[in-house]
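Shown next, in structure tokens, is the structure this report addresses.
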Amino acid sequence: MKLAQHPNKIENVVAFRTQAAALGIESDDPRAATTDAALLEARNNARRVVNSIGARLHEESRDFTDTELAACAEAQTRIAYVEHKLQVNGRAATGSAPGASVLSPPPGMSSADWQRMIGATASSPVSSMTSVEGQRVPVISAADRGSVAQRFADAGLIPKDGSGSGFDGNPRNPERITFDDFVRGVAGVKVRPEAQAAIRASLSEGTGSSGGYLVPQIVIPELIEALLANNSLLQAGMRVVPLVGTASSWTYPVEAGIPEWAFLAENDSVTPSDPSYGPGTLTPRHARVKTLVSRELLQDSAIAMDSALQSVFVRSLAQFLDNAGLNGTGTPPSPKGLMSDTAIGSVAFGGSTGAAATDYTWLVEALTKLYGANAKPPFSCVLHPNQMLKLQGLKNSLGDAMRAPTIVEALKFCTTTQLPTDQTVGTSTDCSTAFVGNFSDLVLGMRLDMQILRADQVAADQGQVAFYGFSRFDFAVLRPAQFVKVSGLRA
């Protein structure tokens, strides 16, 4: 299963308007809507476009064209905007107070920009942030495994328990809806009786047998839990920020330098030093996936189906995000990964041709670079499994297993096959790259408006149902000095 990034925003808007015009419906930007009624009409029009495309695929027994995919992506964006706007209007009507930021903006930054940023102290990353619209969102890390739903509930992204007195250990999900239930509902096959009512309500987000549906937000924590268990960057310490609100991009602080203090006489002037922060931009990029699921499996499996369907969507997504976070070029529609980030530190192991590791020197060199830049542990190392096996096989002059230096033993190692093993360094063509650093300063921005479309006839002759998933992501490096890239690691 291969994931691909979607065309740019302008192409999406043009494609959507073309599809809407063919149906004779309005395609006005929902951001121009001034009433809830107008917002609902814009949402319904977006759904009609998606459902029309799905019905066409069903009738013609074919796959999506690029134009149809672009139109669906724009429809997804519009639906997500309307849902958020209605939620904000509802909070305003009930007088609910949004969460407040506990951080002050640094010099030279406006309060509005700072509210969009992911603030963190030098020693401890924050556990939540506040969007410019006033919505408090959790900052999720691997330490939150098993409690992502609670973090979402505490931030008001999903309901708390029915008593209204606080969180009781589980988010309010009376019918115990799972991602498995949702996909079964989209596929039109049997759903557990206790979840049927909630699934019917969820699927009312679209109409028609081949329409597109937003994944219920109450099951998003379940998907993030699965990502935490399968994504190497998250296991290394990367954090997830659910991107809520209507902005197409977010500003975040990049630590560009540390200001220098000095002792001065009473009337001496202060010499300015480098600013401590500079602005970066987080722009979620469209990504999509297509997969085929056996209809018999959907209908007949009663055991571990939830896990199987998560494997289809989440494990492939975990690998995709590893690849994007590490190898992304930064040229739209690709986000910028660590490999392309020239602001982080670097070690060219083995000089102009690279070298095969015979001891732990390259790791010590990377840690030396980090400590020299005043980076703060805990540090992790993300590397290809081949390089991990080489480290495990190191032997001393007596033929015994080589003992790693204490500073290396403290590292957390995470492997991923998404790192290349065929990079060219001088005359060597078998090189790989590893990254060492404090990965809590790498952030994955994730929109919560994941959407699933179904195409019944694409593989009907094989007894399979085709599913298309759409979502949006981007990456941010908050403190480049916290990372070092080690290149030239030969096989």
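The values are calculated or read from the model by the stated rules, or taken from the named source; none is laboratory data. Predicted model only: the values in this text are computed from it and were never measured. When we count neighbours, we look across all protein chains shown, and the Cβ atoms used for this are built from the backbone with ideal geometry, even at glycine.
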Can you work out which of the residues in region 176-200 that are under 15 Å from Ala466 (Cα atoms) and of a type in the set (Val, Ile, Thr) is modelled with the lowest pLDDT?
Val189
Of the residues in region 19-75 that are in contact (Cβ under 8 Å) with a residue 24 or more places away in the chain, β-branched (Val, Ile, Thr) and surrounded by fewer than 20 Cβ atoms within 10 Å (Cβ to Cβ), the one that is farthest from Ala466 (Cα to Cα) is Ile25
In the set Ala356, Ala375, the lone residue that is surrounded by fewer than 16 Cβ atoms within 10 Å (Cβ to Cβ), touching a Lys or Arg at 6+ places or on another chain (Cβ under 9 Å) and not β-branched (Val, Ile, Thr) is Ala356
Looking only at region 231-243, decide whether some residue is in contact with a strand residue (DSSP E or B) (Cβ under 7 Å, 6 or more places away or on another chain), modelled with pLDDT under 75 and either crowded, with 21+ Cβ neighbours inside 10 Å or closer than 25 Å to Val186 by Cα (or both).
no
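Yes/no matrix, rows are residues, columns are (1) farther than 27 Å from Leu478 by Cβ; (2) within 28 Å of the chain's Cα centre (by Cα); (3) in contact (Cβ under 8 Å) with a residue 40 or more places away in the chain:
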{"site": "Gly372", "(1), (2), (3)": "no, no, no"}
{"site": "Phe379", "(1), (2), (3)": "no, yes, yes"}
{"site": "Leu391", "(1), (2), (3)": "yes, no, no"}
{"site": "Ala404", "(1), (2), (3)": "yes, no, yes"}
{"site": "Ala410", "(1), (2), (3)": "no, yes, no"}
Ile220 is checked against (1) surrounded by fewer than 21 Cβ atoms within 10 Å (Cβ to Cβ); (2) at pLDDT 80 or above; (3) closer than 24 Å to Ala455 by Cβ and fails just one. What number does that condition carry?
(1)
Identify all residues within region 418-446 that are surrounded by fewer than 20 Cβ atoms within 10 Å (Cβ to Cβ) and touching a residue at least 60 places away in the same chain (Cβ under 8 Å); write none if there are none.
Pro420, Thr421, Gln423, Gly426, Thr427, Ser428, Asp430
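With the structure loaded, tell me whether Ala324 is surrounded by 15 or more Cβ atoms within 10 Å (Cβ to Cβ), at pLDDT 80 or above and over 21 Å from Ala466 (Cβ atoms) or whether it fails that test.
Yes: the conditions hold for Ala324.
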If I filter region 29-41 for residues that are modelled with pLDDT under 85 and among the basic types (Lys, Arg), do I get at least one hit?
yes
Odd one out for Ser249 among (1) modelled with pLDDT of 70 or more; (2) hydroxyl-bearing (Ser, Thr, Tyr); (3) touching a helix residue (DSSP H, G or I) at 6+ places or on another chain (Cβ under 9 Å):
(3)
Could you list, in sequence order, the residues of region 357-397 that are more than 17 Å from Asn438 (Cα to Cα) and either touching an Asp or Glu at 6+ places or on another chain (Cβ under 6 Å) or among the polar types (S, T, N, Q) (or both)?
Thr358, Thr361, Asn386, Gln387, Gln392, Asn396, Ser397
Leu317 passes all but one of the listed conditions (1) at pLDDT below 95; (2) farther than 22 Å from Ser232 by Cα; (3) crowded, with 22+ Cβ neighbours inside 10 Å; the exception is number (2)
Considering only region 355-395, how many residues are at positive phi and hydroxyl-bearing (Ser, Thr, Tyr)?
0
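For region 224-285, which strands (runs of 3 or more DSSP E) that fit wholly inside it have 1 or more residues that are in contact with an Asp or Glu (Cβ under 7 Å, 6 or more places away or on another chain)? Lay out the reasoning, then the answer.
Numbers: elements: 239-243, 250-254, 278-282.
Strands (runs of 3 or more DSSP E) meeting the threshold: 250-254, 278-282.
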Across region 33-69, what is the total count of residues that are touching a strand residue (DSSP E or B) at 6+ places or on another chain (Cβ under 9 Å) and in a helix (DSSP H, G or I)?
8
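To keep it simple, each residue is scored yes or no on (1) of a type in the set (Val, Ile, Thr); (2) modelled with pLDDT of 75 or more.
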position	(1), (2)
Ala46	no, yes
His58	no, no
Thr65	yes, yes
Ala71	no, yes
Gln76	no, no
Ala80	no, no
Leu86	no, no
Arg91	no, no
Met117	no, no
